[in-house]
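Inspection log for the structure reproduced underneath, given as structure tokens.
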Amino acid sequence: MPYMRDIDQYGQFGEMGQAAKNVILTPALCRAARGFLDWTQTDLADRSGVSRSTIRDYEGSRHDLHRATEAQLRLAFEDGGVAFVHMEGGCFGVCPRAVQTPQ
């Protein structure tokens, strides 16, 4: 039974505790975002602080990521210029981030 409400770093509501987590960065989306940025697994590891072996194993569906590790990878991708968008049907996609020009 959840015991407290929480708002994560992305502004999404959730239950604190060990409730089922909503995964945004799937292994396929991780590969797609790397391809979009033309990054190797080593590039992503260097930019995110996550080991290349963890990225390799996750993209190969050999294990899941901890929430903090997923957040590190997402932040690296977002800093690299991509955005994760919520699509119809509960899926997520990747697209270029809008560039704001100084006024």
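In this structure, is L25 of a type outside the set (S, T, Y), in a loop (DSSP other than H, G, I, E, B) and at pLDDT 90 or above?
Taking the combined requirement at face value, the residue does not satisfy it.
Results for (1) surrounded by 18 or more Cβ atoms within 10 Å (Cβ to Cβ); (2) in contact with a helix residue (DSSP H, G or I) (Cβ under 7 Å, 6 or more places away or on another chain); (3) not in a helix (DSSP H, G or I), shown as yes or no for each residue.
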residue: S53; (1), (2), (3): no, no, no
residue: H63; (1), (2), (3): no, yes, yes
residue: R74; (1), (2), (3): yes, no, no
residue: E78; (1), (2), (3): no, no, no
residue: V85; (1), (2), (3): no, no, yes
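Sort out which residues of the range 78-98 are under 15 Å from L37 (Cα atoms) and either at pLDDT 85 or above or not charged (D, E, K, R) (or both), and write them in order of number.
Result: E78, D79, G80, G81, V82, A83, F84, G93, V94, C95, P96, A98.
The values are calculated or read from the model by the stated rules, or taken from the named source; none is laboratory data. Just so we're clear, the structure is a prediction, and the values are computed from it rather than from any experiment. Every residue, glycine among them, receives a Cβ derived from its backbone with ideal geometry; neighbour counts consider all protein chains shown.
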